[in-house]
């Protein structure tokens, strides 16, 4: 007989690891725990994808932001698992507290990151500026909390019915990985398109705390003291109230943040299936600006020198058939149509909403001289890379690549050797290609990398820039080195704008 204070025999579980007092049968209890694992895993992955998506939108360079979020979060998950080992004796209470904290932190992460970006911007231009610091903090905090879930859930499921460690781990991680799959698919196909980044983050937090609270307060409530139950109920209600209030105010908050980023002159702001499109100004003599995913795409004050420099060098030579890749705003098409002899212009634009805006918005359609009303212009909605695969060989005299900045990861394939190989095939032997290759002074390495990539595809190149502009361009031809006639361009007159001299002076860079 064992004395009251004698040590327990080896292999005897401690009192806090005894069978849980459940209100349901053990098999039902195990199913409910695994269902909770499924929901929590789905929510955890949504938080991760929310951070990656919003950081890529606000900060740019999605590869870097994804790497930062994933690496910091995975590291923090390991630390969280180690820390949670000390909480196993209070597994139910600890898990309930962690879920409440995770729902609050994860649900509010997107609005907080957006607010810091909107009202503070970059702090000193260093890598660790305000938005990036907060990105790391949220990745670390969410990773710690997600990592702490696993040991506690393992303890809870073992208290329902003891089983070998390998079987318990297999069951737990099967539910975890399936939940991650559902969360990973729900974010891009359901949450983001229908709710937007901020509301979907807050809704995920609400689902998270409801699942965690129901599991602890419903299934393991007998493991909690009366005080712990009351405290957990009050905490869950408070977190739900915060998330619900934030969701109700999300639209007003987003409008205020948008005005903080773009100023008080926002006239159009729409979320399309591709990007966020914002137009400011354009009325009462105010300058029109077009932003795509937070980046200035068109500056009505000085867009003309840019588009002249992009289009005019390629139009010296045969130009009956022209292909414009990107340029849904119609400004490159405007420059193409000003050249006599153009018979057909094909435009390939990924986002149809940009084309609709360029066609219907009074200020933007006036800026592009109503280019899309011209019967010679034909628009195709789709990816430029895929479209080039379908183009017959030697179909075009001129190809204008008015594409997203080469520094954005989303546009990387549009500056690849394969892309320029397809473009070379689409060009006539004496055809010309012009490419916006990025800022020449600010990022010379990017510019010269694009120029080298074009040459590696078998095209002869002439790099050049526009006077008074940092934008760099490359003129290329599959046959011989193309001629860049700067003298002829200096003599051009812009009759459409009152006979003033052209504002563009291009000069080669070797």
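The values are calculated or read from the model by the stated rules, or taken from the named source; none is laboratory data. This structure is a prediction, so every number in the text was calculated from the model and none was measured. Cβ coordinates were reconstructed from backbone atoms using ideal geometry, including for glycine residues, and neighbour counts include every protein chain displayed.
Residues in segment 250-295 that are touching a helix residue (DSSP H, G or I) at 6+ places or on another chain (Cβ under 7 Å), in a helix (DSSP H, G or I) and crowded, with 19+ Cβ neighbours inside 10 Å: 250, 254.
Scan segment 29-62 for residues that are over 25 Å from residue 206 (Cβ atoms) and modelled with pLDDT of 75 or more and the total you get is 1. Every test in (1) closer than 28 Å to residue 272 by Cβ; (2) in contact with a helix residue (DSSP H, G or I) (Cβ under 7 Å, 6 or more places away or on another chain); (3) surrounded by fewer than 22 Cβ atoms within 10 Å (Cβ to Cβ) is passed by residue 193 save one, and that test is (2). Residue check: residue 237 meets all listed conditions (1) closer than 21 Å to residue 80 by Cβ; (2) surrounded by fewer than 18 Cβ atoms within 10 Å (Cβ to Cβ) but one, namely (1).
Restrict the check to segment 297-306 and report whether at least one residue is on the phi > 0 side of the Ramachandran plot, modelled with pLDDT of 85 or more and either in the same structural domain as residue 333 (by TED's automatic domain parsing) or out of contact with any helix residue (DSSP H, G or I) (no Cβ under 6 Å at 6 or more places or on another chain) (or both).
Of the residues in segment 297-306, the ones on the phi > 0 side of the Ramachandran plot are none.
Among the residues of segment 297-306, not one is on the phi > 0 side of the Ramachandran plot, modelled with pLDDT of 85 or more and either in the same structural domain as residue 333 (by TED's automatic domain parsing) or out of contact with any helix residue (DSSP H, G or I) (no Cβ under 6 Å at 6 or more places or on another chain) (or both), which makes the answer no.
None of 57, 114 is touching a strand residue (DSSP E or B) at 6+ places or on another chain (Cβ under 9 Å) and either farther than 26 Å from residue 253 by Cα or part of a helix (DSSP H, G or I) (or both) except 57. Residue check: is residue 247 surrounded by 20 or more Cβ atoms within 10 Å (Cβ to Cβ), assigned by TED's automatic domain parsing to the domain that holds residue 30, touching a residue at least 12 places away in the same chain (Cβ under 8 Å) and not in a loop (DSSP other than H, G, I, E, B)? Taking the combined requirement at face value, the residue satisfies it.
No other residue among 45, 70, 49 is surrounded by fewer than 24 Cβ atoms within 10 Å (Cβ to Cβ), farther than 30 Å from residue 225 by Cβ, in the same structural domain as residue 175 (by TED's automatic domain parsing) and out of contact with any helix residue (DSSP H, G or I) (no Cβ under 7 Å at 6 or more places or on another chain) apart from 70.
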